Amino acid sequence: MTSTDTALVPLTPEDAQALTALLTRVDAAEERGEPAAETTTREWLTTPGLDLARDSFAVREGERLLGFSLVDVSTASDRDGRIRCQLTGAVDPERRRQGIGSALLARAEERAAHLAAERHPGTPAVLRVSGGRDPSPASADQPLWGGADVRPLLDRRGYRRARSWLCMTRDLPGPALAPAPAAGARLLSPSAAHSEPTRLAHIAAFADHWGSAPITPERWRAWTTASTARPALSTIALAPDGTVLAYALADEDQPGVLHIALVGSRPEARGRGLGRAVLTRTLRLGAEQGFSAAELEVDAESLTGATRLYDALGFDRAHVAATYEKPLATVGEAR
């Protein structure tokens, strides 16, 4: 099969099993150690705001999925006034270098351009794609792995590396963590009643962060109530007036690993140690519940110095991943 005869069809929620199988094959080949779960895949395919019939493309061979791409255009602009068009996809490791990935990416770019113009006429937009993991410095000459073998394709199509992300890990229980003072706030695990105050805190906390755009209430609810969410292990710092000042939200993507999905503090609450307080509590809860490790991802250029906090709490740097970008105006120029 080549890019000239690749038939692209939409994904449907009924593809959850086949898509999970594809993602698991990709994970094994790229040695990520993050196999997919069908429940999570099904939840992803039913994300609020996604129109699979128009926003997704797949290549099939009978019941087997050979590849897919998915377009997700933000509903609001980021701090730089740009609309983020996130493109996600994968190709079966046994069917790469046959034009499938090129066809899927080209169609996703076209759909992103149409959707961005439809939703945000006249607003600058940017295409954003994962560039996988960097080789370790000690083995920089090794073949690209961990999803990074997409980089030659991205280079040819005009994408450039825009950001680096540190994946950091910590053993649990690991070194003892003393409770951190909450500076006048109350620390607790969030309930459903805290969902919207926490969403508003997150929007405020990340308003000055690269690439961040406000998340809708519908998506926030879907994410915080997903099968992987662990609200009992999450922590918020609550002011006397009910305002959420800081938060550490946890989920469990892989069994036994506490994933710290989001950590943030409102700008007016920074410098009070609340970030340390909420994260310390969540790590202690995870250790008490028998989790063997904790992990998180952080912007390597974080404005708030988050990496210093994670270093101080015993996190080590496991690997670096990259995000690639291309201004939407250049779509179609590189083929």
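Descriptive notes on the structure:
- The number of residues in the range 34-83 that are in contact with a Gly (Cβ under 6 Å, 6 or more places away or on another chain) and either more than 18 Å from residue 17 (Cα to Cα) or among the acidic types (Asp, Glu) (or both) comes to 1.
- Complete set of residues in the range 40-81 that are of a type in the set (S, T, N, Q) and part of a helix (DSSP H, G or I): 40, 41
- Checking each residue in the range 118-128 for being open to solvent by 60 Å² or more (accessible area, probe 1.4 Å) and free of Cβ contacts under 8 Å to residues at least 60 places away in the same chain picks out 118, 119, 121, 122.
- Selection of the range 82-109 for residues being more than 13 Å from residue 326 (Cβ to Cβ) and assigned to a helix (DSSP H, G or I) yields 93, 94, 95, 100, 101, 102, 103, 104, 107.
- For residue 192, the criteria (1) more than 18 Å from residue 250 (Cβ to Cβ); (2) open to solvent by 50 Å² or more (accessible area, probe 1.4 Å); (3) more than 22 Å from the chain's Cα centre (by Cα) hold in every case but one, which is (1).
- Here 15, 27 are screened, and the one residue that is outside any loop (DSSP other than H, G, I, E, B) and more than 24 Å from residue 323 (Cβ to Cβ) is 15.
- Total residues in the range 201-247, condition closer than 24 Å to residue 299 by Cβ, part of a loop (DSSP other than H, G, I, E, B) and in contact (Cβ under 8 Å) with a residue 60 or more places away in the chain: 11
- A single member of 75, 12, 20, 40 is open to solvent by 70 Å² or more (accessible area, probe 1.4 Å), closer than 22 Å to residue 225 by Cα and polar (S, T, N, Q), and it is 75.
- Index of the failed condition, residue 66 passing every other in (1) open to solvent by 70 Å² or more (accessible area, probe 1.4 Å); (2) in contact with an Asp or Glu (Cβ under 6 Å, 6 or more places away or on another chain); (3) not small (Gly, Ala, Ser): (1)
- Subset of the range 288-301 that is open to solvent by 30 Å² or more (accessible area, probe 1.4 Å) and of a type in the set (Gly, Ala, Ser) - its residue that is nearest to residue 257 (Cα to Cα): 292
- Count of residues meeting criterion [in contact with a helix residue (DSSP H, G or I) (Cβ under 8 Å, 6 or more places away or on another chain) and either at pLDDT below 95 or within 16 Å of residue 37 (Cβ to Cβ) (or both)] in the range 226-251: 4
The values are calculated or read from the model by the stated rules, or taken from the named source; none is laboratory data. Remember, it's a predicted structure, so these values are computed and weren't measured experimentally. Glycine gets a Cβ as well: all are built from the backbone with ideal geometry, and neighbour counts include every protein chain shown. Just the protein is used for accessible areas: all its heavy atoms, side chains included, with ligands, DNA and RNA removed. Shrake-Rupley method; radii C 1.70, N 1.55, O 1.52, S 1.80 Å.
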